[in-house]
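Undergrad: Starting off with a structure, shown below.
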Amino acid sequence: FRYLGKVLNKQKRTEPLAKMAQIYLDELKNFVSSIPKEKRTKIYYAQGVSGLQTECDNSFHSEPIIMAGGNLVHKCVQNSVMGMQKVSFEQVLIYNPDVIIAQNGAFFKTVFSDEKWKMINAVQNKRVFLVPNTPFNWIDRPPSFMRTIGAHWIASKLYPKTYPYDIRKKVKDFYKLFFKVDLSDEQLKLYFQL
């Protein structure tokens with residue numbers, strides 16, 4: 001934001017954006033540093049209609065999950081820029097994650113009624129969450145500045161008892177500054193399930 005502000009001579013607009021982004025990232029870094037690595041929540045990042053595509057733990061696609069203190073269960077080296085590594089359901093069953101972050105709405109709609117997915121801890125405990133995508137995806141595809149709020153959203157889902165911020169206020173403040181939109185509580189429920 002600072003670079004674009006200089007290039008476009010719009011520092012008056014971009015400096016507040018850069019400051020908020022830095023504050024949000026610093027807050028998250030401080031919070032996550034308090035969680036021992038061995039106690040970090042096991043996450044499966046479900047992509048595609050079947051939920052059987054995912055990202056490696058060191059992929060740039062999964063950075064917000066790691067930033068949020070997630071222990072991404074699929075440990076591998078990304079073999080393409082596109083990502084979306086194919087896995088079998090049996091592999092997900094072996095991982096047995098505590099939380100599933102779902103990228104695809106069709107998968108999210110069926111995961112709780114699918115008999116085989118019901119064997120996974122995250123599904124049994126109703127800890128499957130659909131990534132918000134208004135005005136566009138908060139995590140990935142495309143990776144963007146939305147990750148700033150997306151990583152906070154993930155942390156609030158992973159650690160609901162210890163996450164120290166009001167995620168609804170964070171989202172409202174973010175949208176007010178970045179998009180000049182005042183979100184109502186109803187809009188938070190409708191668009192973001194908050």
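The values are calculated or read from the model by the stated rules, or taken from the named source; none is laboratory data. No experiment lies behind these values; they were computed from the predicted model shown. All Cβ positions, glycine included, derive from the backbone under ideal geometry; neighbour counts span all protein chains shown. The protein model used for the area step is the full one, side chains on, heavy atoms only, and it has no ligands, DNA or RNA in it. Shrake-Rupley method; radii C 1.70, N 1.55, O 1.52, S 1.80 Å.
Undergrad: Looking at the stretch 136-154 only, could you name the residues that are over 8 Å from the mean Cα position of the chain (by Cα) and part of a helix (DSSP H, G or I)?
TA: THR148, ILE149
Undergrad: Of the residues LEU130, LEU190, which is under 23 Å from ALA46 (Cα atoms) and open to solvent by 80 Å² or more (accessible area, probe 1.4 Å)?
TA: Result: LEU190 is the single residue among LEU130, LEU190 that is under 23 Å from ALA46 (Cα atoms) and open to solvent by 80 Å² or more (accessible area, probe 1.4 Å).
Undergrad: Only one of LYS172, LYS126 is within 16 Å of GLN193 (Cβ to Cβ), part of a helix (DSSP H, G or I) and either basic (Lys, Arg) or at pLDDT below 95 (or both). Can you tell me which?
TA: Sole residue among the options that is within 16 Å of GLN193 (Cβ to Cβ), part of a helix (DSSP H, G or I) and either basic (Lys, Arg) or at pLDDT below 95 (or both): LYS172.
Undergrad: So, one more: From VAL81, VAL77, VAL73, grab the single residue that is aliphatic (A, V, I, L, M), open to solvent by less than 50 Å² (accessible area, probe 1.4 Å) and either under 19 Å from the mean Cα position of the chain (by Cα) or farther than 24 Å from LEU177 by Cβ (or both).
TA: Matching residue, one of VAL81, VAL77, VAL73: VAL73.
Undergrad: Quick check on the stretch 58-65. Is at least one of its residues polar (S, T, N, Q), in contact with a strand residue (DSSP E or B) (Cβ under 7 Å, 6 or more places away or on another chain) and in a helix (DSSP H, G or I)?
TA: For the stretch 58-65, residues polar (S, T, N, Q), in contact with a strand residue (DSSP E or B) (Cβ under 7 Å, 6 or more places away or on another chain) and in a helix (DSSP H, G or I): present.
Undergrad: Taking the stated definitions as given, is SER113 assigned to a loop (DSSP other than H, G, I, E, B), at pLDDT 95 or above and of a type outside the set (D, E, K, R)?
TA: So SER113 fits the description; yes.
Undergrad: Among the listed residues LYS29, LYS12, which satisfies the condition of being assigned to a helix (DSSP H, G or I), over 25 Å from TYR159 (Cβ atoms) and among the basic types (Lys, Arg)?
TA: LYS12
Undergrad: If you scan the stretch 59-106, which residues turn out to be among the aliphatic types (A, V, I, L, M) and within 19 Å of PRO36 (Cα to Cα)?
TA: ILE65, ILE66, MET67, ALA68, LEU72, VAL73, VAL99
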